[in-house]
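Novice: Quick one: the structure is below, and I'll ask about it shortly.
The values are calculated or read from the model by the stated rules, or taken from the named source; none is laboratory data. This one's a predicted model, so the numbers in the text were calculated from it and none came from an experiment. All Cβ positions, even for glycine, are placed from backbone atoms using ideal geometry, and neighbour counts span all protein chains on display. Note: accessible area is taken over every heavy atom of the protein model, side chains too, but ligands, DNA and RNA are not part of it. Shrake-Rupley method; radii C 1.70, N 1.55, O 1.52, S 1.80 Å.
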Amino acid sequence: MPKILGNSDAEIAKEAKRLFGKQGIEFQLDVKVTGATVKGKTATVTYEDKAGASHAIEADRVLLCVGRKPYTAGLGLENIGLETDKRGFIHIDKNFETSIKGVYAIGDVIPGPMLAHKAEEEGVVCVERMHGIGAHINYDAIPDVVYTEPEIASVGKNEEQLKEAGIAYKKGKFTFSANARAKALAHTDGFVKILADAKTDRILGAQIIGPRAGDLIAELAVAMEFGASAEDIARSSHAHPTLAEVVKEAAMSVNGPPLNS
């Protein structure tokens, strides 16, 4: 891949690479791994660059992570006539019912992000709809977290997705370096970014890289679930000193200057 963090916001990926680099992590991008061997306590990984030249890296440990796939093989789906697509996913209707009446599917075996909290929400909505309750799930308001140091979290659309869709948006951004709680914790790297509709100010997405990002993203997920605007968060009181103030300041900067820059 040409950048780290896959399809994440490009600005977040760039900042993450910079911060990880400060920690001593080196990246080899746009290369193809060709093999790995172990001799004694040393592992050697070979790879080719874009020009076709071969290289090798020696390491104590090798972590292999090439993606995930649905765990549907061996479940006996063929015994009831339930088919999957070529990647092994089970397709469903709006009520999570498969092509076989009375058989439902949620979570990692259906298309979409493979997130435990996504599967949990789908399970609740699925059962409620079985009982005639008009439950819903808003996939745009499901957060995603990368548990690195610093943490990375996002919800909704990123800038690249909005640009590709031709959606006009406004951006607000605020850094943890100007936050009192972050200074007290000695974790001032990173920022919060909020993207809002250019006309309605409704929040379309948010990205965070910094301390407790996985916890801070919850406020923005709730805001999106209820159709909040950037101004709604900007005008809501946030306790001082807290990391959540960075979210408020980012929301303020969508439509004007923040309080503490």
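Novice: Among the residues of segment 132-144, what is the count of those that are open to solvent by less than 50 Å² (accessible area, probe 1.4 Å), farther than 12 Å from residue 207 by Cα and in a loop (DSSP other than H, G, I, E, B)?
Specialist: Number satisfying all stated conditions: 4.
Novice: Can you tell me how many residues in segment 206-235 are part of a loop (DSSP other than H, G, I, E, B) and either closer than 27 Å to residue 148 by Cα or touching a helix residue (DSSP H, G or I) at 6+ places or on another chain (Cβ under 7 Å) (or both)?
Specialist: Selection size over segment 206-235: 2.
Novice: If you don't mind, another one. Just to be sure before I move on: is residue 252 out of contact with any Cys (no Cβ under 7 Å at 6 or more places or on another chain), in a helix (DSSP H, G or I), within 27 Å of residue 147 (Cβ to Cβ) and not charged (D, E, K, R) in the structure I sent?
Specialist: no
Novice: Let me ask something else. What are the pairs, 6+ residues apart or on separate chains, where a residue within segment 196-212 that is of a type outside the set (A, V, I, L, M) has its Cβ under 6 Å from a residue that is assigned to a strand (DSSP E or B)?
Specialist: Correct list of pairs: 197/204; 201/229; 202/229; 205/156; 205/195; 207/154; 207/193.
Novice: Conditions first: (1) open to solvent by 70 Å² or more (accessible area, probe 1.4 Å); (2) under 21 Å from the mean Cα position of the chain (by Cα); (3) under 25 Å from residue 238 (Cα atoms). Residue 196 passes all but one, so which condition is the exception?
Specialist: Condition (1) is where residue 196 drops out.
Novice: Any residue at all in segment 157-164 that is outside any helix (DSSP H, G or I), under 21 Å from the mean Cα position of the chain (by Cα) and of a type outside the set (Val, Ile, Thr)?
Specialist: Taking every residue of segment 157-164 in turn, at least one turns out to be outside any helix (DSSP H, G or I), under 21 Å from the mean Cα position of the chain (by Cα) and of a type outside the set (Val, Ile, Thr).
Novice: For residue 120, which of the numbered conditions (1) touching a residue at least 24 places away in the same chain (Cβ under 8 Å); (2) more than 21 Å from residue 234 (Cβ to Cβ); (3) outside any loop (DSSP other than H, G, I, E, B) fails to hold?
Specialist: Looking at each condition in turn, residue 120 falls short on (1).
Novice: Got a sec? Which of 95, 79, 7 is touching a helix residue (DSSP H, G or I) at 6+ places or on another chain (Cβ under 7 Å), at pLDDT below 95 and not β-branched (Val, Ile, Thr)?
Specialist: 95
Novice: Moving on. Can you pull out the residues in segment 145-170 that are buried (at least 17 other Cβ atoms within 10 Å of the Cβ) and among the charged types (D, E, K, R)?
Specialist: Within segment 145-170, 151, 157, 159 meet the criteria.
Novice: Tell me yes or no: at least one residue of segment 103-116 is over 27 Å from residue 206 (Cα atoms), at pLDDT below 95 and open to solvent by 70 Å² or more (accessible area, probe 1.4 Å).
Specialist: no
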